[in-house]
Structure formats: C-alpha cells, structure tokens
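Reviewing the structure listed below.
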Amino acid sequence: MTITFRIPASGAELVGFSYSPSMEAVLSLHVLVEPKHHPVQHAWVRAMRRLSPALKREIDVFSFAFRSYFPEFFFPSPTGELLGFEDELRRLRSVDPELVQLEFAVALGVQPFGGGPGRNPAALNEPEVRRRLEEQAGAAGDERLARLLLDEPAALLERFLKMLERYWEEAFSHEWQRIEPGLAESVAEAGGQIAEHGLYSLFRGLWPEVRSEPEAGRVWLE
C-alpha cells in the first residue's frame, strides 16, 4: 500500500522534529529481543546481560510490543516541548485505555476490525477475537495479558511502564546521556538543511524509503 502526502507551498512551516527518551528506550528493547537483525549493536546486547532476572522476564513477556509492531502511543507528539523521561511517562499514563487495548491487540497479532473498515474496540468482545488474544498472550508467556488487555487496559499499560522505568533505571538512563546530544545535533542539522535548501532536499536524503516529486507537491512511501 502506498501512502501519499500532499505538501502545500508552505509545507516547511508545518514540519516538526522531535526525539523521545522513552521511544529510544523502547527501540533499544527491540534490539535486545531481535539481536540478529542489529549486528552493529551486539556490544549493547552483551552489556544488557547484567539486567536483573525479574526485569529480563518482563522484557520477554512484553516483547510483543516492540518486536515488530510499535504501538502508536509510544511515538512523541509533533507539537509542544521536548519532554524528559518522567514527563513522557506521565503523558503515557494519560493515554486513552481504548487506544491501549487496540494497539496492544494489534501488537499481539490480532486485528480488531469487527467487520468494518477501521479498528473497532467492540470487536475485542467477540468470542473468536478473545480466543485469539488468549492464545497469543499464552504464546507471549503470560496468559494474564489477555485478561488485562480486555478488562483492565490501564493496568496493563501501567505494568508495561513499570518495566520501562526499571529498564531506564538499570541501564538506559546512562545510554540516553550519551546519545541525546547526537539526536539534538541531527535535529538542528535537518532544520538548517530545510532553511537553506528547502523541504524537498530533506526528502531526497530519505530515498529510497521516501520518494518525492517537488513539481507535484507530493511525497510518498510504501
């Protein structure tokens, strides 16, 4: 499926840049559960062997949430100020429980469409969907996940965030201190590139994942 963006003449004014300590932590958890796909990061994977056994178990249980699909609410907002880790956790704790249900269900490999064109929270109550969720939760190593997702999504989110907090405290806060200056520098460089050469110069640097046609005012990706 191709996703196309139509860019108005004033498009540069609509572009925002952001980075996120909690999102970077989640991305690093992806590296831990899929190390064969990230050979450059094997030193990090080896270093994380020191994590406490209880934390390792929770990372394994929640690996469905960062192995291949990243729930929408992990991503930072394109507006507002850049948040620190604690402020981002407060934002995440305010996420709509219905969105938590839908996104964690998709991460577990269950699409709650309910016969319509879009995701439907009511579909989570259908017997077949509930059965598949229970199966997937069992495969993830904790059958309680399905019950929490269906009946107490806020509690499930809180359990995930507690795991993320422990991971931050045991390991990732030090890594964040190392990588944040580079992220901030890349944002400044991208902004300078747009200011000097225009928005499409940035899009050209993202080829072939992102393709653009300045004359038609559009950008697209598969």
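The values are calculated or read from the model by the stated rules, or taken from the named source; none is laboratory data. All values reported here derive from a predicted model rather than from experimental measurement. Backbone-built Cβ (ideal geometry, glycine too); neighbour counts: all protein chains shown. Only protein heavy atoms, including side chains, enter the accessible area calculation; ligands, DNA and RNA are left aside. Shrake-Rupley method; radii C 1.70, N 1.55, O 1.52, S 1.80 Å.
Sort out for me the helices (runs of 4 or more DSSP H) sitting completely within region 1-70 that have 3 or more residues that are among the charged types (D, E, K, R). First the steps, then the outcome.
On the way: elements: 21-33, 42-47, 53-61.
Here the list reads 53-61.
Here's a check for you: in region 6-16, which residue that is over 21 Å from the mean Cα position of the chain (by Cα) and open to solvent by 30 Å² or more (accessible area, probe 1.4 Å) is farthest from R91 (Cα to Cα)?
Out of the qualifying residues, it is A9.
Mind listing whichever residues of region 71-83 are exposed (fewer than 14 other Cβ atoms within 10 Å of the Cβ) and either at pLDDT below 90 or part of a loop (DSSP other than H, G, I, E, B) (or both)?
Within region 71-83, F75, S77, P78, T79, G80, E81 meet the criteria.
When residues of region 194-209 are filtered for being part of a helix (DSSP H, G or I) and either open to solvent by less than 80 Å² (accessible area, probe 1.4 Å) or in contact with a Phe, Trp or Tyr (Cβ under 8 Å, 6 or more places away or on another chain) (or both), how many remain?
Adding up the residues that qualify gives 6.
Confirm whether G191 is surrounded by 14 or more Cβ atoms within 10 Å (Cβ to Cβ) and either under 30 Å from L89 (Cβ atoms) or out of contact with any strand residue (DSSP E or B) (no Cβ under 8 Å at 6 or more places or on another chain) (or both). Lay out the reasoning, then the answer.
Values: surrounded by 14 or more Cβ atoms within 10 Å (Cβ to Cβ): yes; either under 30 Å from L89 (Cβ atoms) or out of contact with any strand residue (DSSP E or B) (no Cβ under 8 Å at 6 or more places or on another chain) (or both): yes.
The answer is yes for G191.
Looking at S212, S173, which is the one that is open to solvent by less than 70 Å² (accessible area, probe 1.4 Å), within 19 Å of M23 (Cβ to Cβ) and in contact (Cβ under 8 Å) with a residue 12 or more places away in the chain?
Just a single option satisfies the conditions, and that option is S173.
Would you check if there is a residue in region 94-112 being of a type in the set (A, V, I, L, M, F, W, C), touching a Pro at 6+ places or on another chain (Cβ under 9 Å) and within 29 Å of A47 (Cβ to Cβ)?
The answer is yes; a qualifying residue exists.
Take the residues in region 17-48 that are farther than 27 Å from E158 by Cβ and not hydrophobic (A, V, I, L, M, F, W, C); name whichever of them is most open to solvent (accessible area, probe 1.4 Å).
Only one residue fits best here, namely K36.
Based on what the data block shows, is R178 more than 22 Å from the chain's Cα centre (by Cα), open to solvent by 30 Å² or more (accessible area, probe 1.4 Å) and not β-branched (V, I, T)?
The answer is no for R178.
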